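Student: The structure under discussion is supplied below as structure tokens; questions concerning it will follow.
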Amino acid sequence: MYRYDEFDAAFVRERTAQFSDQVNRRLAGEINEDQFRPLRLMNGLYLQLHAYMLRIAVPYGTLASRQLRMLAHIARKYDRGYGHFTTRQNIQFNWPKLRDIPEILADLASVEMHAIQTSGNCIRNITTDQFAGAAADEIVDPRPVAEILRQWSSLHPEFSYLPRKFKIAMSGGPHDRAAIRFHDIGLQAKVDDRGIVGWEVWVGGGLGRTPMIAKRINEYVPNEHLLAYLESILRVYNRYGRRDNKYKARIKILVHETGIDKIRDEVAEEFRAIANGVLTLPQAEVDRIGAYFAAPEFERVNATVDVAKERIAEPAYGEWLDRNLHPHRQPGYASVTISLKPIGGAPGDATAEQMEAVADLAERYSFDELRVTHEQNLVLPHVRVSDLREVYDALVEARLATGNAGLITDMITCPGMDFCALATARSIPIAQEISRKFSAPERQKEIGDLKIKISGCINACGHHHVGHIGILGLEKKGVENYQITIGGNATEDASVGDTLGHGFAAEEVPDAIERLIDTYIARRETPDEPFIAAFKRLGEAPFKEALYGNG
Amino acid sequence: MEILTGNELMSGATVYLDRDGNWVEDLQRARVFLKEETEVRDAAIAATKKTLRINSLEIEAVTLRDGLILPDRIRERIRADGPTAPRFDRQHLDRDGHVSI
Ligand code: SF4
């Protein structure tokens with residue numbers, strides 16, 4: 001894992017001291033809230049419905065066990081004993097007090113963490129595939145380049161006041177597990193004719209009020225020119241992005257209104273002017289940063305696990321093996337998804353004790369490494385197959401052994417109106433009811449791969465547009481009302497879901513979902529045809545009828 | 001009918017202006033402003049702003065039902081009681097969190 005150099009350490013220390021002083025001035029009444037708000041937001045501190053919320057960056061979703069232990073400590077000492085993992089691979093604390101924030105930031109700095117770039121119109125925390133550095137299908141570990149991009153983008157003087165926030169996601173392989181086509185910039189690893197790894201660059205994707213699938217702006221940019229090329233995109237956006245209208249300020253609108261060809265030309269011109277300059281990335285630097293992410297010393301083992309046999313012996317363990325493992329590039333190892341979606345729980349929440357249990361497991365079984373997924377789960381990236389049983393038993397003990405990764409109860413859910421000041425409806429209770437309704441393992445298995453994603457307002461932090469089934473909470477005449485969309489997909493087969501008709505009252509949502517599921521099961525060609533494939537084949541009609549009848 | 005609500009600076013806790021000019025946790029102690037009391041209401045807002053201690057100051061529409069104050073918006077009902085799922089107690093004021101106008 002990357003370790004701070006002197007510059008990083010000094011920078012985070014100074015920022016903590018600076019914000020501590022700003023908090024003191026605010027508490028002493030020397031500055032008012034209008035002056036303080038932008039300062040606190042630059043340090044990840046929001047004011048929500050009930051209290052402050054501190055959003056802490058987890059760069060490219062990678063954590064070491066000492067960092068997760070510190071998050072547990074913060075949860076216990078300054079908050080209410082839990083934290084909430086988000087779709088940006090970050091963690092949020094919902095109950096901190098203003099006077100404790102400087103101490104929290106100092107505690108974070110002691111483990112090389114901070115809350116910078118988790119708010120504001122800057123380049124936000126860069127997200128990656130949660131199996132980066134471990135996945136069998138990976139071309140390259142994207143994290144060294146993600147770290148270089150973090151260093152380039154942190155407090156970038158030219159890009160600290162962009163027209164709007166700016167999000168970059170990276171995937172190191174052909175299978176997009178980071179939703180890169182729904183980010184301002186998406187980077188997908190690609191190999192050129194000479195076998196050299198570079199990046200396919202996508203631009204102008206996004207969710208929110210106006211969902212857009214990104215367009216490919218460049219088929220291949222080598223590492224050497226990546227910083228200059230991204231800087232060129234940012235410059236074009238900074239110059240032409242609309243600052244007159246908040247709802248039209250994201251780069252997706254610029255790309256949409258200007259056209260990708262014109263944007264590509266503008267970027268190319270900018271690139272010509274700055275290419276081969278100071279932003280050229282020497283291979284030696286990529287190698288230097290890459291060394292921090294060197295693969296651990298894997299043992300040469302060839303153990304496998306017979307899932308069918310284990311399932312007969314103990315169904316819950318068998319199910320967990322079946323759902324929560326991901327193929328590892330090293331034979332004899334697997335990546336383990338730790339579901340933060342217990343039946344009826346709040347998606348993405350983990351208690352301090354659970355964080356500590358996971359930190360212990362990472363230390364003992366996963367070379368001290370952990371990942372946060374954009375689907376609000378945790379990952380032990382490198383676990384020996386022969387250790388799986390012990391890991392599972394420890395997860396059972398920590399109440400973290402739900403074997404539902406990628407199933408209907410593994411929903412992305414934003415905090416919604418239970419916490420969020422921008423919400424128009426609650427999200428968590430909807431997820432809980434759906435989770436309870438489909439809690440039976442046999443039922444979940446029968447349904448198979450299905451992604452339900454829930455947002456509590458049009459800002460779409462819960463990615464509802466790209467849920468196979470998406471749920472968007474709105475307010476209609478003072479009552480919560482939920483729009484259901486179908487057919488969204490966040491992978492390389494990107495699509496935005498469609499609304500098929502009117503919304504539903506909260507208590508009607510689980511039944512409506514069940515009608516969609518029953519229709520899918522009745523109409524699928526084989527039990528292996530996933531929901532999204534069946535939807536593509538069948539079209540909207542049967543699902544519309546399931547929701548609204550055939551009138 | 002309206003009430004004034006906001007979040008106290010130190011704790012971020014949801015608070016309401018009561019009849020005595022104190023910012024308190026209990027929605028049921030909130031001062032209810034009638035339609036014809038906009039001047040008093042606006043004076044209270046101005047005085048509150050001067051304290052620098054109440055953030056996200058808002059005017060909220062309410063209804064009186066069986067003598068109880070019921071905010072019109074769901075959001076406000078959730079703010080008054082704390083999150084519904086998972087159920088958490090609302091944030092409380094610290095000892096030095098008292099604000100009055
Ligand atoms: S989608 Fe809306 S309600 Fe949900 S977290 Fe984002 S802003 Fe808040």
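Student: Let me have the relative contact order for chain A, percent, based on Cα pairs under 8 Å that are six or more residues apart.
Tutor: Once normalised by length, the contact order is 13 percent.
Student: Given R₀ = 41 Å, FRET efficiency for A:Q330-A:S439 by Cβ-Cβ distance, to 0.05?
Tutor: So the FRET efficiency works out to roughly 0.75.
Student: Which of the aspartates and glutamates could a cross-linker bridge to A:K476, judged by Cα under 18 Å and excluding same-chain residues fewer than eight apart?
Tutor: A:D418, A:E507, A:E508, B:E60, B:D72, B:E76
Student: Here's something else I'd like to know. What's the extension gain from A:A505 to A:K262 if we count 0.36 nm per residue and subtract their Cα-Cα distance?
Tutor: Extending this stretch completely gives an extra 83.0 nm.
Student: Okay, next question. Mind ranking B:64-77, A:320-333 by how tightly packed they are, going by the mean number of other C-beta atoms within 10 angstrom, highest first?
Tutor: Final packing ranking: A:320-333, B:64-77.
Student: Can you list, bin by bin at 10 Å, the percent of alpha carbon pairs in region A:435-514, starting at 0?
Tutor: 19, 48, 29, 4
Student: Counting each pair of different Cα atoms once, what's the Kirkwood radius of region A:412-548 in Å, rounded to one decimal?
Tutor: Evaluated on region A:412-548, it is 14.9 Å.
Student: Regarding region A:357-481, what whole-number volume in Å³ per residue does the convex hull of its Cα atoms give?
Tutor: Cα-based convex hull of region A:357-481, divided per residue, equals 127 Å³.
Student: Report, for region A:33-170, the % of DSSP beta bridges that are antiparallel, rounded to 5.
Tutor: 75 percent
Student: Here's a follow-up. Give the dimensionless ratio obtained when the Cα radius of gyration of region A:419-468 is divided by 2.2 N^0.38 Å.
Tutor: 1.30
Student: In addition: What are the ³J(HN,Hα) values, in whole Hz, obtained from phi via the Karplus relation 6.51 cos²θ - 1.76 cosθ + 1.60 with θ = phi - 60°, for each residue of region A:244-253 in sequence order, with x given for Gly and Pro?
Tutor: 7, 9, 3, 7, 10, 8, 6, 5, 4, 6
Student: Could you give the spread of the C-alpha atoms of region A:245-351 along their three principal axes, from largest to smallest, in whole angstroms?
Tutor: The Cα atoms of region A:245-351 stretch 64, 41, 30 Å along the principal axes, largest first.
Student: Take every residue in peptide B:79-88, count the Cβ atoms of other chains within 10 Å of its Cβ, and give the average of those counts.
Tutor: 6
Student: Please order A:F531, A:F271 by the number of other Cβ within 10 Å, starting at the fewest.
Tutor: A:F271, A:F531
Student: Among DSSP beta bridges lying fully in the protein assembly as shown, give the percent that are antiparallel, nearest 5.
Tutor: Of those bridges, close to 85 percent are antiparallel.
Student: Taking the Cα atoms of region B:2-81, report the difference between the largest and smallest coordinate on each principal axis, in whole Å and largest first.
Tutor: Sorted largest first, the three principal extents are 34, 28, 19 Å.
Student: Still on this structure, I have one more. Can you give me the distance in nm between label points at A:E525 and A:V305, each placed 7 Å from the Cα along the Cα-to-Cβ direction?
Tutor: Result for the modelled spin labels: 3.2 nm.
Student: Show me, bin by bin at 5 Å from 0, the whole-percent P(r) of region A:271-332 based on Cα pairs.
Tutor: Using 5 Å bins, I get a P(r) of 4, 13, 13, 11, 11, 10, 7, 8, 8, 7, 5, 4, 1, 0 for region A:271-332.
Student: Provide Rg over Rh for region A:307-397; use the alpha carbon set for both Rg and the Kirkwood Rh (inverse mean inverse pair distance).
Tutor: On the Cα set of region A:307-397, Rg over Rh gives 0.94.
Student: Strictly greater than 39 Å: what percent of every Cα pair in the protein assembly as shown meets that?
Tutor: When all Cα pairs of the protein assembly as shown are counted, 32 percent exceed 39 Å.
Student: Under a crude label model (7 Å from the Cα following the beta-carbon direction), how far is B:D42 from B:T84 in nanometres?
Tutor: 3.6 nm
Student: Taking θ as phi - 60°, what are the ³J(HN,Hα) couplings along region A:123-135 by the Karplus curve (6.51, -1.76, 1.60), each to the nearest whole Hz, with x for Gly and Pro?
Tutor: The phi angles translate into 7, 7, 3, 7, 10, 9, 3, 5, 9, 3, x, 9, 5 Hz.
Student: In nm, give the distance between the simple-model label positions of A:L39 and A:A273, each being 7 Å from the Cα along the Cα-to-Cβ direction.
Tutor: Distance between the two pseudo-spin positions: 3.5 nm.
Student: What are the radius of gyration and Dmax of region A:135-291, computed over its Cα atoms and given in Å?
Tutor: My reading of the Cα-based Rg and Dmax gives 15.1, 46 Å.
Student: Mind jotting down the distance between the C-alpha centroids of region A:488-540 and region B:20-76, whole Å?
Tutor: Answer, in whole Å: 45.
Student: Take chain A, mark every one of the GluC sites (Glu not before Pro) that falls in a DSSP loop and has at most 16 other Cβ within 10 Å, then report the longest stretch left between them, sites excluded.
Tutor: It runs A:31-296.
Student: Can you put A:V379, A:V197 in order, fewest other beta carbons within 10 Å first?
Tutor: A:V197, A:V379
Student: While we're on this one: Give, in nm to one decimal, the length gained when the segment between A:H156 and A:V479 is fully stretched (0.36 nm per residue of separation minus the Cα-Cα distance).
Tutor: Result: 112.0 nm gained on full extension.
Student: Which whole-number percent is the relative contact order of region B:2-81 (Cα, under 8 Å, 6+ apart)?
Tutor: The value is 33 percent.
Student: While we're looking at this one, here's another question. Using only alpha carbon pairs under 8 Å that are at least six residues apart, calculate the relative contact order of region A:215-323 and give it in whole percent.
Tutor: Once normalised by length, the contact order is 29 percent.
Student: Average projected area of the Cα convex hull of region A:6-109, in nm²?
Tutor: 6.9 nm²
Student: Amide H to amide H, which residues 5 or more places from A:D349 or on other chains are under 5 Å from it, using H placed in the peptide plane?
Tutor: A:F85
Rule-based calculations on the coordinates, nothing more; no lab input. Since the structure is predicted, the reported quantities are computational estimates derived from the model, not experimental observations. As a convention, Cβ positions derive from the backbone with ideal geometry for all residues, glycine included, and neighbour counts pool all protein chains shown.
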